Amino acid sequence: MSSSTLPPMTGQGQVATASQQQQQGLPPTGLQQQMSSLNALYGSVQGLSGIGFDPRQQQFAQAQAGGTNELQGDMPMGSSSLDQLARNLAQRYGLPIGQGRIVDAQGNFLMDPQQLADASGGSLTMGEAAAKMNYIGQAISRQQNEQQRSKGIAALQTGLGQVQSRGAGSLASLTSGYYQDLAALYTDPNQAYEATDFSYYIQREQLEIAQELQSRAERLARRQARGQFLSGVGLTVAGIFTGNVAAIGAGATMAGGSAGSTGWF
């Protein structure tokens with residue numbers, strides 16, 4: 001048998017290929033990528049020596065200081081298909097949605113990432129809530145656009161059915177253009193629903209983390225400067241009492257160099 005007529009690979013070869021694919025795994029989803037990026041940011045912030053902090057506990061403490069953590073959403077009365085879709089996804093993503101509605105009949109969100117983060121008791125940051133709500137918003141917009149396309153198809157079918165069931169020149173034939181226009185309106189790309197974007201809350205959180213790090217760094221620098229200033233003053237006084245000119249000079253230099261950073265002058 002020539003090499004050109006060899007049968008396809010079977011047995012151990014196929015098992016090895018399947019094993020390699022399983023080890024490689026599937027590529028992460030957009031939500032997983034966003035969450036991984038946020039977790040990497042939180043980890044790097046916690047790892048900063050002297051000024052690091054836990055963003056989750058920081059936001060939870062701020063929420064506690066601000067008052068209640070309970071969501072004040074509307075109660076579910078006649079929940080729409082869009083709200084049910086949002087609720088199912090929110091539960092899957094672990095969002096603390098409570099008993100209220102998430103979106104109204106038009107798909108507008110009734111709560112924001114800050115409220116969800118406050119209601120989570122420190123288990124969810126504002127950035128994480130925003131990332132998950134972004135994907136809920138995308139699912140809602142896809143559902144809305146699919147509903148629009150279904151309306152467009154129904155309008156075309158209605159017009160076509162009237163024309164086929166009536167003679168040429170009839171009123172139904174003359175008005176069939178109305179259904180074509182209606183279908184075009186439903187399927188117009190300019191009329192498509194856009195997903196609600198909560199990326200602002202992610203950027204806001206990143207800015208707040210950066211500001212908190214800067215504030216902590218400044219406080220640490222002031223503490224260090226005050227320690228050096230007091231040490232310099234003490235060394236100077238000791239030098240004066242002992243008559244050690246070198247100690248006086250070193251103490252004065254230390255105190256003078258750190259005085260401007262203490263915040264006392």
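Looking only at region 59-84, filter to residues that are over 20 Å from I136 (Cβ atoms) and modelled with pLDDT of 75 or more; which one of those is surrounded by the fewest Cβ atoms within 10 Å (Cβ to Cβ)?
Restricting to residues being over 20 Å from I136 (Cβ atoms) and modelled with pLDDT of 75 or more, the top hit is A65.
Within region 234-246, track down each residue that is crowded, with 18+ Cβ neighbours inside 10 Å and under 57 Å from the mean Cα position of the chain (by Cα).
Just the residues of region 234-246 that are crowded, with 18+ Cβ neighbours inside 10 Å, to begin with: 235-236, 239.
L235, T236, listed by residue number.
Does any residue of region 3-19 turn out to be farther than 22 Å from F198 by Cβ and modelled with pLDDT of 50 or more? Break it down stepwise before answering.
Looking only at region 3-19, we keep the residues that are farther than 22 Å from F198 by Cβ, and these are 3-19.
With modelled with pLDDT of 50 or more added as a condition, the list becomes none.
Within region 3-19, not a single residue is farther than 22 Å from F198 by Cβ and modelled with pLDDT of 50 or more.
Could you say whether any residue in region 183-198 is hydroxyl-bearing (S, T, Y), under 24 Å from A86 (Cα atoms) and at pLDDT 90 or above?
Taking region 183-198 and keeping what is hydroxyl-bearing (S, T, Y), we get 186-187, 193, 196.
Now drop any that are not under 24 Å from A86 (Cα atoms), which leaves 186-187, 193, 196.
Within this subset, residues satisfying the condition of being at pLDDT 90 or above are none.
No, there is no match, as no residue in region 183-198 is hydroxyl-bearing (S, T, Y), under 24 Å from A86 (Cα atoms) and at pLDDT 90 or above.
From (1) assigned to a helix (DSSP H, G or I); (2) surrounded by fewer than 17 Cβ atoms within 10 Å (Cβ to Cβ), pick out the condition that doesn't hold for F265.
So the condition that F265 fails would be (1).
If you check R56, R87, R101, R92, which single one turns out to be modelled with pLDDT under 90, part of a helix (DSSP H, G or I) and either under 17 Å from the mean Cα position of the chain (by Cα) or farther than 24 Å from Q203 by Cβ (or both)?
Working: R87 fails: modelled with pLDDT under 90; R101 fails: part of a helix (DSSP H, G or I); R92 fails: modelled with pLDDT under 90.
Exactly one of R56, R87, R101, R92 is modelled with pLDDT under 90, part of a helix (DSSP H, G or I) and either under 17 Å from the mean Cα position of the chain (by Cα) or farther than 24 Å from Q203 by Cβ (or both), namely R56.
Among the residues that make up region 251-262, is at least one of them free of Cβ contacts under 8 Å to residues at least 12 places away in the same chain, surrounded by 13 or more Cβ atoms within 10 Å (Cβ to Cβ) and part of a helix (DSSP H, G or I)?
no
Of the residues that sit in region 96-123 and are aliphatic (A, V, I, L, M) and without any contact (Cβ under 8 Å) to a residue 40 or more places away in the chain, which one is farthest from L38 (Cα to Cα)? Walk me through how you get there before you give the answer.
Here is the first cut: in region 96-123, the residues aliphatic (A, V, I, L, M) are 97, 102-103, 105, 110-111, 116-117, 119.
From what is left, the residues that are without any contact (Cβ under 8 Å) to a residue 40 or more places away in the chain are 97, 102-103, 105, 110.
Numbers: I97: 21, I102: 24, V103: 25, A105: 31, L110: 24 Å.
Here the residue is A105.
If a residue must be part of a loop (DSSP other than H, G, I, E, B) and either among the basic types (K, R) or surrounded by fewer than 16 Cβ atoms within 10 Å (Cβ to Cβ) (or both), how many such residues does region 191-232 contain? Before you say what the answer is, go through the steps one by one.
The first filter runs over region 191-232 and keeps only residues part of a loop (DSSP other than H, G, I, E, B), leaving 192-198.
With the extra rule that they be either among the basic types (K, R) or surrounded by fewer than 16 Cβ atoms within 10 Å (Cβ to Cβ) (or both), the set shrinks to 192, 194, 197.
Total meeting the criteria: 3.
The values are calculated or read from the model by the stated rules, or taken from the named source; none is laboratory data. Every value quoted in this text rests on a predicted model; they were computed, and no experiment measured them. Glycine also receives a Cβ, built like all others from the backbone with ideal geometry; neighbour counts cover every protein chain displayed.
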